[in-house]
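The values are calculated or read from the model by the stated rules, or taken from the named source; none is laboratory data. Bear in mind that the values here come from a model prediction, so they are computed numbers and not experimental data. We place every Cβ from the backbone using ideal geometry, glycine too, and count neighbours over all the protein chains shown. For the accessible areas, the whole protein counts, side chains as well, though only heavy atoms, and no ligand, DNA or RNA atoms are used. Shrake-Rupley method; radii C 1.70, N 1.55, O 1.52, S 1.80 Å.
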Amino acid sequence: MGKQSLGEANYQPDSKSIRKAYEEYSVEGFYNKFGDDYKNPHELIIQQIIEVVINKWQLDLEKVLDLACGSGEVTLTLKKLGATDIDGIDPYTYNAYLKRTGQLAERYTFEEIASGILGNRCYSLIVCSFALHLVEESRLPFLVYQLSLIANTMVIITPHKRPQLKPEWGWICVDEIVIDRVRVWLFQTP
């Protein structure tokens, strides 16, 4: 059975309905079913956050990885701010990303990234928005360690107090901003 559009399932794009859909379908099941038409209901706050942190933290936009890129909300905002070399990765929403950004997204899973599939790359910045809090705690160390091998700076945007990264996993939190109950962490490698 192919992916359904969000309208076919009476899907309402807000955080409460996504949370309920995660419970009903599982996170992976939700994105397998609705990923082609996904649009993050937090897009406006994500745009605001990206604009704030790029200026406040003077982030290097030379080569950016938009990890768990969704439908491109981070990529589109970064392009408005002058970034030109952005790779998107998302195993579920690649069609939605292509529709909105005109760019192909790679389909690697967090598990594949944790196993080192991106090991030959180098990024000036990784941005991961509304995704890492969904990673099982036991899988998180391997994933973020592999990310520390391909970039020195990572921004995590999350609606939770998770994930909590530990320095032994390759990252140190150097700053935090909270805007409208959304946390943004700046991590750097030691």
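When the chymotrypsin sites (Phe, Trp or Tyr not before Pro) in the stretch 34-117 are filtered for DSSP coil states and for at most 16 other beta-carbon atoms within 10 Å of their beta-carbon, the remaining sites are Tyr108.
With a Förster radius of 25 Å applied to the C-beta separation of Glu51 and Asn152, the computed FRET efficiency comes to 0.70. Between amide H atoms placed 1.01 Å from N, distances below 5 Å from His160 occur with Arg183, all of them 5 or more places distant or on a separate chain.
Report the gain in length on full extension from Gln164 to Asp180: 0.36 nm times residue separation, minus Cα-Cα distance, nm rounded to one decimal. Could the numbers behind the result be given before it?
On the way: separation 16, 0.36 × 16 = 5.76 nm, distance 1.97 nm.
Gain on stretching Gln164 to Asp180: 3.8 nm.
The solvent-accessible area of Val178, taken with every protein chain present and a 1.4 Å probe, is close to 80 Å². In terms of distances greater than 26 angstrom between alpha carbons, the cross-link table entries Lys63/Lys99; Lys56/Lys166; Lys56/Lys161; Lys80/Lys166; Lys79/Lys161 yield Lys80/Lys166; Lys79/Lys161.
Let me know the charge dipole size of the stretch 90-141 about its Cα centre in debye, to the nearest 20, where only the beta-carbon of Lys, Arg (+1) and Asp, Glu (-1) is charged. Can you show the working numbers first?
On the way: 5 positive and 6 negative charges, 58 e Å.
Once rounded to the nearest 20, the dipole reads 280 debye.
Once the piece of chain linking Arg107 and Glu62 is laid out straight, how much longer is it, given 0.36 nm per residue of separation minus the C-alpha distance between them? Kindly include the intermediate steps, with their values, before the conclusion.
On the way: separation 45, 0.36 × 45 = 16.20 nm, distance 2.23 nm.
That pair, Arg107 and Glu62, stretches by 14.0 nm at full extension.
A cut-off of 5 Å between modelled amide H atoms, ignoring neighbours fewer than 5 places along the same chain, links Ala105 with Leu98.
Residues whose amide H lies under 5 Å from that of Ile179, counting only those 5 or more places away or on a different chain, are Val184; hydrogens are built 1.01 Å from N in the peptide plane. Divided by 2.2 N^0.38 Å, where N counts the residues, the Cα radius of gyration of the stretch 62-190 comes to 0.98.
If you restrict to DSSP beta bridges whose two residues both lie in the stretch 59-190, what percentage is antiparallel, to the nearest 5? Present the calculation step by step, with values, prior to reporting the outcome.
Working: 13 of 28 bridges.
The antiparallel fraction comes to roughly 45 percent.
Taking 0.36 nm per residue of separation and subtracting the Cα-Cα distance, what length does fully extending Thr189 through Tyr145 add? It would help to have the intermediate numbers written out before the result.
Numbers: separation 44, 0.36 × 44 = 15.84 nm, distance 0.98 nm.
Stretched fully, the Thr189-Tyr145 segment lengthens by 14.9 nm.
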